[in-house]
1. Accessible area per residue for the chain in Å², computed with a 1.4 Å probe and the full protein assembly in place, what is it?
2. Quick one: work out the % antiparallel among DSSP beta bridges in segment 1-118, nearest 5.
3. Using the Karplus curve 6.51 cos²θ - 1.76 cosθ + 1.60 with θ = phi - 60°, work out ³J(HN,Hα) for each residue of segment 5-21 in order, rounded to whole Hz, and write x for Gly and Pro.
4. Just want to confirm a number: the relative contact order over the chain, from Cα pairs under 8 angstrom separated by 6+ residues, in percent.
5. Per the 1.4 Å probe, what fraction of the accessible area of segment 164-214, in percent, lies on carbon and sulfur atoms?
6. Out of these labelled values of Cα Rg over 2.2 N^0.38 Å, (i) 0.97; (ii) 1.07; (iii) 0.93, which was calculated from the coordinates shown here?
7. Arrange the peptides 87-94, 183-190, 103-110, 42-49 so that the one whose residues have, on average, the most other Cβ atoms within 10 Å appears first.
8. Calculate the dipole size of the chain relative to its Cα centre from +1 charges on Lys and Arg beta carbons and -1 charges on Asp and Glu beta carbons; express the result in debye to the nearest 20.
Amino acid sequence: MGGHGLAVASLMVGRTANFSGAAPGAPLWVADVYGGSPTGGSSTALAEALSWMVESRVQVVNISLVGPRNALVQAAVRQAEARGLTLVAAVGNDGPAAPPLYPAAYDGVVGVAPVDRRDRILPEAGRGPQVDLSAPGADMAAAGVAGSWVTVRGASFASPLVAGLLAGESLSSLERSARDLGQRGADPVYGQGLVGETLRTAPDAVGARQRLAN
C-alpha cells in the first residue's frame, strides 16, 4: 500500500494511543486500482474492485480518487448500490469552478468535501450538488510509511472519515447529526453539513512532519 492509501486507511480504521480513525479497529478490505502507476488507476480496475467488494459483502466503500464520467464505472457503481453497498467518494480538489468529478457525482454516491481546522471549506475543494457532506480534510495527521506520520490535506482524506462513520450508523442518521455550515440547509459547498469534526488529530499530537496532499 502506498503513502496515499495508507493515510486514507488510517483515517478509516486506524488506532494508536494518540490517534483514532472513524471506525478504529474495524475490518478493512483494500483494492489496488493504481496497479503501481503513480498517475492514477484505470476504469477497468475500479469496476473490478467494486465487483470484488460486492462479492466480499462489504457494506461501505470509500473511493479517494476522481475522474471524468465513465460508462463502465457508472455501471459498476449502479450494480454495487443495487447490492446494498454504500459508496463514499471524495469530490476532488480542482476548485469551485471545476465541473463535477466522478464517482462522487454519480447518483447515490455520498460525495464528501474537506474543511480546515476552522471548519472552512478548502479553497481547492469541488462544489456543486455532488457534495452531500463535509468532513475534516486539512490540518490533521494520518499514518505515513515506515511508521511515520504525515500532515494531510484534500478531499481524499475527508471521505474516509465519512466512510468510517457510516460503518456504524446509517446515512440518514449521520445527515441528521451534521452541523449546518454556510447557507442554511443543504448547500453546494458543505452539503448537509459537517460531520466527524472530533476525529481530526492535530499533527503535533503525533509528531507529523511530512505533508501529503490529494
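1. Values: 10120 Å² over 214 residues.
Solvent-accessible surface per residue comes out at 47 Å².
2. Values: 2 of 9 bridges.
Taking every DSSP beta bridge with both residues in segment 1-118, the antiparallel ones total about 20 percent.
3. With coefficients 6.51, -1.76 and 1.60, one gets x, 5, 4, 4, 4, 5, 6, 7, 10, x, 7, 9, 4, 10, 8, 8, x Hz.
4. On the way: 505 pairs, mean separation 46.6, N = 214.
Value for the chain: 22 percent.
5. On the way: 1400 of 3060 Å².
Exposed carbon and sulfur together represent 46 percent of the surface.
6. (iii)
7. Working: 87-94: 25.9, 183-190: 14.8, 103-110: 20.4, 42-49: 17.8.
The most tightly packed comes first, giving 87-94, 103-110, 42-49, 183-190.
8. Working: 16 positive and 17 negative charges, 50 e Å.
Dipole of the chain, to the nearest 20 debye: 240 debye.
The values are calculated or read from the model by the stated rules, or taken from the named source; none is laboratory data. For clarity, every value in this text was computed on a predicted model and none was experimentally measured. When we count neighbours, we look across all protein chains shown, and the Cβ atoms used for this are built from the backbone with ideal geometry, even at glycine. Ligands, DNA and RNA are excluded from the accessible area calculation, which covers all protein heavy atoms including side chains. Shrake-Rupley method; radii C 1.70, N 1.55, O 1.52, S 1.80 Å.
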